[in-house]
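Asks: One structure follows; several queries about it will come next.
The values are calculated or read from the model by the stated rules, or taken from the named source; none is laboratory data. These figures come from a predicted structure and were not determined experimentally. With ideal geometry, Cβ positions are generated from the backbone for all residues, glycine too; neighbour counts draw on all protein chains shown.
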Amino acid sequence: MNILLVNDDGAEARGIRELAEELSQVSTVYVCAPDRQQSGKSHSITIRDHVFVQEISFPHADAALQTTGTPADCAKIGLQFFKDRGVKMDMVFSGINLGSNLGVDTLYSGTVGAAMEAAVSGYPAAAVSVSGHEPQNFQAARTFARRALSLKDEIPRDSLLNINVPDLPEEEIRGMKITRLGHRNFLDGFRLQDDGGYQLKGSPQDFTRDDLAIDLAAVAQGYASVTPVTFDSTHWEWLKKLRTERFDDQASQKMGK
């Protein structure tokens, strides 16, 4: 079984190395990662600029590439370049990210964006994250990643698993919750810095007393959160409403038809 690992924290980040060590015990691991920190890049791809790719040494991987591209570029490049070498990937993992990717964070996340690119390309995919930007506990995330691997044949090809784990020793994780994405409003804004530039700063809301069916609340209360996410952003209930005959007639009149 062949697994491609990608991330947004860069090839030197601890998270992706922890993931390689874990999954190499049950599969052949390949890596394609950015050459620098690429958080917040979402699902962006490089179109006008050139992307440079080089082979690197990577612990527990049969082969590894480092690129100047975005996380989504890394997913595309890894799948393409290793396929050209005769390696067909069975699943793609993005992470382990240093910091959670919950709720609306998934819209900004390079980790989720890279996994989503794999899903768009028709591969089973999972994004794995640990809460806190300087996490110390990776074993629980490693364990949940291995468990996700056993689900690879069940993941719809338009979807991915978004896994988030508290930064706690594995024995202190309270369990796992299958969740939906929550809505997190950051109390943030662009703040003037000493050099005259502006930097986005802020803090999230408190979800320690919210419904455990929401990913944000589950992690805040010590559970691992597993959320199925799809790239079909259609609002199906509103679509039904917009398709009603009355709306169609009104729309036609407004558009001069």
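Asks: Residue under question is Ala20, and the condition is that it be assigned to a loop (DSSP other than H, G, I, E, B) and either within 13 Å of the chain's Cα centre (by Cα) or not charged (D, E, K, R) (or both); does it hold?
Replies: Here the answer is no, as Ala20 does not meet what is asked.
Asks: Now for a separate question. Among the residues that make up the stretch 10-18, is at least one of them closer than 23 Å to Thr143 by Cα, buried (at least 24 other Cβ atoms within 10 Å of the Cβ), touching a helix residue (DSSP H, G or I) at 6+ places or on another chain (Cβ under 7 Å) and modelled with pLDDT of 95 or more?
Replies: No, the stretch 10-18 contains no residue that is closer than 23 Å to Thr143 by Cα, buried (at least 24 other Cβ atoms within 10 Å of the Cβ), touching a helix residue (DSSP H, G or I) at 6+ places or on another chain (Cβ under 7 Å) and modelled with pLDDT of 95 or more.
Asks: Further question on the same structure: Of all residues in the stretch 124-148, which are surrounded by fewer than 24 Cβ atoms within 10 Å (Cβ to Cβ) and aliphatic (A, V, I, L, M)?
Replies: Hits for the stretch 124-148 are Ala140, Ala148.
Asks: Going through the stretch 23-43 one residue at a time, which ones are surrounded by fewer than 16 Cβ atoms within 10 Å (Cβ to Cβ) and under 13 Å from the mean Cα position of the chain (by Cα)?
Replies: Hit for the stretch 23-43 is Gly40, nothing else.
Asks: Counting only residues that are at pLDDT below 90, assigned to a helix (DSSP H, G or I) and surrounded by 10 or more Cβ atoms within 10 Å (Cβ to Cβ), how many does the stretch 217-248 have?
Replies: The total comes to 4.
Asks: Okay, next question. Could you please find all residues in the stretch 156-186 being assigned to a loop (DSSP other than H, G, I, E, B) and hydroxyl-bearing (Ser, Thr, Tyr)?
Replies: If the condition is that a residue be assigned to a loop (DSSP other than H, G, I, E, B) and hydroxyl-bearing (Ser, Thr, Tyr), then Thr179 is the only one that fits.
Asks: OK, next. What do you reckon, is Ile56 in contact with a Gly (Cβ under 6 Å, 6 or more places away or on another chain) and among the aliphatic types (A, V, I, L, M)?
Replies: No.
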